[in-house]
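The values are calculated or read from the model by the stated rules, or taken from the named source; none is laboratory data. Keep in mind the model is a prediction, meaning the values are calculated, not measured. In this analysis, Cβ positions are derived from the backbone assuming ideal geometry, glycine residues included, and neighbour counts consider all displayed protein chains. The protein model used for the area step is the full one, side chains on, heavy atoms only, and it has no ligands, DNA or RNA in it. Shrake-Rupley method; radii C 1.70, N 1.55, O 1.52, S 1.80 Å.
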Amino acid sequence: MDQPTGERGPSLPFSAAAVFLQAAGILSLELVLMRCFSVARWHHFSYLVIGAALLGFGASGTFLTFVGERLERRFGLWAFLLTLAFALSVPLTFRMGEWLPLDVRYVLYSARQGGLLFAHDLLIFVPFFLGACVLGLSLMHFKRRVHFIYGANLVGSGLGAGAAAAAMFLMAPERLIYPVAGLGLAAALCWALAWDRRRTAGALICLALGAALAAEGLLAPAALRMDQYKDAATLERWEAESGARRLLTGYGPRARVDVYESERLHLTMFAGLTARQPPPPQLALLLDGHLAAPVLEIESAEEAEILDHTPMSLPYRLIERPRVLLLGEAGGANVWLARRMGAEHVTVVQPNPQVVRLLKGPLAERSGGVLAGDDVTVVTAGPREFLERTDRRFDIIQVVVAEGPAAGASGLRSLHEDFLLTVEGMGRCVERLTGRGVVSVTRGLQEPPRDNVKLLATLREALERTGRAEPAQHLVQVRNLLAATTLAFSRPMSEADCERLVEAAGRMRLDFEWAPCPGVDYESPIHHIGGPEGQDHSWFHHAARWVLSDEREAFFRDWAFNVRPATDDSPYFYNFFRWRSLPQFWRAYGRQWLTHMELGYVVLVFSLLQVIVVGGVLILLPLVRLRRAAGGRLPTYVYFSLLGLGFLMLEMVCLLKFTHFLGDPIYSAAGVLAAFLIFSGLGSALSRRLSPSPRRAIPLAALGVAGLAVLYSVGLDPLFGALMGWPLPARFAVAIAVAAPAAFLMGWPMPNGLALAEERDHRLVPWAWGANGFASVAAAPLTVLLAVETGYTAVLLLSAALYALAALVSRRLG
């Protein structure tokens with residue numbers, strides 16, 4: 001065992017256990033904070049958490065470059081103290097972050113809000129920095145067992161990911177802060193037990209602090225501060241004014257579920273001018289603070305008359321006694337609509353089992369037993385997963401999961417992956433139609449138009465790919481003043497179909513934006529909205545004419561927003577951001593330009609710029625310390641940066657592809673991520689035995705990973721497509737089997753590279769750790785940006801090139 005100067009070295013088994021627990025605590029904290037911010041803030045705050053976490057790793061390398069040698073002289077003491085500091089900082093920084101009155105929408109307009117965002121990021125950064133210092137110091141200290149220690153780190157991270165996801169079924173995410181801190185205290189206890197000189201005192205300190213944290217968690221736990229723009233914040237204000245009451249709250253890794261009742265709830269679900277009756281009493285069902293759906297408090301379909309006046313009712317007026325598929329139905333309103341319209345049978349597909357249990361359990365009576373009865377079948381599965389696995393045919397497929405206000409209204413879902421709203425996903429919908437069937441998608445209107453334009457373009461391409469030679473003859477788009485409904489028919493519309501459509505739309509007072517029917521009037525709408533200058537038709541009709549023409553590529557290129565159809569290789573339907581449109585929006589809206597753009601994309605770019613600036617400064621600072629190092633600075637920096645970029649890029653893209661294959665992000669995050677890290681840890685621990693020479697091990701492993709990444713880029717989609725019909729346990733096993741070889745080899749280059757850096761100059765080790773950390777920080781937002789702009793296949797090939805280049809650079813190490 002390595003012996004530090006001045007004291008006996010700590011026990012290796014206890015030290016490995018401490019590293020294991022510390023790594024588990026760090027990754028658990030990352031996942032818990034991502035869940036907390038998804039609930040209280042917005043989905044894209046997850047990237048700020050990932051960035052702050054990895055920035056902590058990079059900064060720890062800079063810190064250890066300057067003071068690591070001094071800390072290593074009393075390694076046992078400093079490992080204990082830093083681990084203790086990590087444990088205490090977790091609840092403290094979380095509480096402080098929730099106190100900050102942060103409004104992310106005004107970060108670019110207000111210096112105060114910019115400062116608050118910086119302070120918020122700094123608070124997230126602190127515990128990750130402290131934890132990473134412990135791991136980096138351990139790698140410096142256990143020089144001869146670096147493979148084993150780094151392996152314990154990766155295995156701990158993997159099991160921490162699985163444990164955090166499992167714990168989210170049991171506790172609110174903000175309360176999981178305390179078990180995470182407990183992992184830190186357990187790691188500190190292991191350091192105390194490994195440290196012979198003050199074992200008893202250290203153990204007593206850990207136990208006392210553990211009791212104090214447990215008391216705080218039970219008596220005065222930290223609370224989430226809901227973003228003021230979320231629906232949950234509005235209902236909380238109503239509740240404080242005695243205008244609403246929260247009936248129940250449920251927790252899980254998919255979402256926090258809240259149900260409110262209030263007399264102020266009057267959701268009309270895009271009902272048009274023909275509605276004369278007010279909406280029935282209703283409850284509000286919220287997922288992660290967003291309104292997912294109303295739950296109508298009725299006993300029978302006769303009480304839901306207002307649904308007749310929604311644009312979602314149009315396809316029911318064209319097909320008698322349809323068999324209906326509702327993809328993503330949450331509150332049951334569309335089940336009532338199908339019943340009112342005489343549906344023969346309704347199949348409800350809902351990916352979140354919490355929602356299904358609520359409607360069948362606590363809310364069953366108040367919802368009128370909406371999911372009960374022989375006419376309804378409920379399937380708990382992802383909508384795309386269901387389409388891939390079923391061989392049933394339906395007359396109406398309603399894409400309920402896409403219903404709601406336009407994404408462009410806030411841009412807050414712009415980085416949300418959705419494999420249903422892709423060309424391939426809509427193609428599956430078309431393939432599951434009967435001969436008389438129709439796909440129906442309704443979304444709120446927006447100015448300037450993008451959501452509904454992109455839907456029309458996506459359905460056009462989906463129809464082409466499924467063999468429809470003239471897709472324009474299959475498509476219809478109508479609207480009222482609130483929403484547009486886009487229909488894609490299995491067969492070309494006949495004269496009789498057109499007669500029924502025109503008659504039904506007339507009774508509902510809907511305006512046509514596109515229909516392959518003679519005599520349709522686009523120039524005299526009932527509901528007037530914006531359109532091209534000098535024209536009487538709307539921008540929606542203008543866009544439809546281009547999208548359905550042979551010159552649509554020119555339209556995609558020139559339109560202010562990205563309305564090119566999303567694909568499975570880049571499933572970001574809600575991303576409409578275009579760099580080339582920034583000057584145009586700046587001229588049109590001045591300082592308010594961001595309110596008309598995609599906020600999630602801007603946050604991601606901000607994260608990347610932050611990493612480049614901060615990381616660049618912190619990675620250059622150690623050169624002052626290393627100016628007398630025995631050479632090797634440039635290859636060390638390049639090699640470990642390439643590993644950081646390549647590892648995270650390959651891991652993130654694989655997880656996204658596995659999410660599509662498994663049909664559930666929880667299985668992908670908890671299971672596949674854990675397996676990925678565990679196999680990487682095993683690869684690290686065993687690499688010295690399998691290849692004793694680091695100079696041979698690195699090229700062997702790096703080129704192996706590069707080859708597998710290329711294989712994944714061409715083989716994963718066909719493999720997963722062929723096996724999508726298998727049961728979930730079998731698909732899960734396939735996912736792990738596919739990930740394992742690459743993950744195992746990905747664990748080799750880092751510890752072997754550290755061994756070569758130590759061989760050249762021990763001062764390069766912490767700097768290498770930092771360089772890897774900073775590159776990983778950049779890789780997180782960069783991977784998403786590249787996936788949005790170029791697709792997953794390109795990112796996989798880039799990761800292969802990075803590993804191949806690392807194999808080449810490794811020849812200059814040592």
Legend entry - Subset of the range 762-814 that is hydroxyl-bearing (Ser, Thr, Tyr) and assigned to a helix (DSSP H, G or I) - its residue that is modelled with the lowest pLDDT: SER776
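For (1) in contact with a Pro (Cβ under 9 Å, 6 or more places away or on another chain); (2) more than 21 Å from THR783 (Cα to Cα); (3) assigned to a helix (DSSP H, G or I), each residue gets a yes or a no:
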position	(1), (2), (3)
PHE661	no, no, yes
ILE678	no, yes, yes
SER684	yes, yes, yes
ARG689	no, yes, yes
ILE698	yes, yes, yes
SER713	no, no, yes
ALA730	no, yes, yes
Inset, instruction - Have a look at ALA554, ALA588 and point out the one that is within 29 Å of ALA794 (Cα to Cα) and surrounded by fewer than 14 Cβ atoms within 10 Å (Cβ to Cβ). - result: ALA554
Inset, instruction - Go through the range 219-265 and give me each residue that's part of a loop (DSSP other than H, G, I, E, B) and small (Gly, Ala, Ser). - result: ALA220, ALA222, ALA223, SER242, GLY243, ALA244, GLY252, ALA255, SER262
Legend entry - Subset of the range 426-460 (residues that are among the β-branched types (Val, Ile, Thr) and out of contact with any helix residue (DSSP H, G or I) (no Cβ under 7 Å at 6 or more places or on another chain)): THR434
Legend entry - Candidates GLY158, GLY115, filtered to the one that is assigned to a helix (DSSP H, G or I) and farther than 28 Å from GLY644 by Cβ: GLY115
Inset, instruction - Determine, yes or no, whether ARG175 is part of a helix (DSSP H, G or I) and either farther than 30 Å from ASN752 by Cα or modelled with pLDDT of 90 or more (or both). - result: no
Legend entry - Conditions (1) part of a helix (DSSP H, G or I); (2) out of contact with any His (no Cβ under 9 Å at 6 or more places or on another chain); (3) over 26 Å from LEU620 (Cα atoms); number of the one not met by VAL67: (3)
Inset, instruction - Considering each of LEU54, LEU64, LEU29 in turn, give the residue that is open to solvent by 10 Å² or more (accessible area, probe 1.4 Å) and not aromatic (Phe, Trp, Tyr). - result: LEU54
Legend entry - In the range 512-533, the residues that are in contact with a helix residue (DSSP H, G or I) (Cβ under 8 Å, 6 or more places away or on another chain) and either polar (S, T, N, Q) or surrounded by 14 or more Cβ atoms within 10 Å (Cβ to Cβ) (or both): PHE512, GLU513, TRP514, ALA515, PRO516, CYS517, VAL520, TYR522, ILE529, GLY531
Inset, instruction - Being open to solvent by 10 Å² or more (accessible area, probe 1.4 Å), among the aromatic types (Phe, Trp, Tyr) and in contact (Cβ under 8 Å) with a residue 12 or more places away in the chain is the filter here, so list the residues in the range 95-131 that pass it. - result: TRP99, TYR109, PHE125, PHE129
Legend entry - Output for the range 705-732, where each listed residue is open to solvent by less than 60 Å² (accessible area, probe 1.4 Å) and aliphatic (A, V, I, L, M): VAL705, ALA706, LEU708, ALA709, LEU716, LEU723, MET724, LEU728, ALA730
Inset, instruction - Give the residue that is surrounded by the fewest Cβ atoms within 10 Å (Cβ to Cβ), with candidates limited to residues of the range 745-761 that are outside any helix (DSSP H, G or I) and under 37 Å from the mean Cα position of the chain (by Cα). - result: TRP748
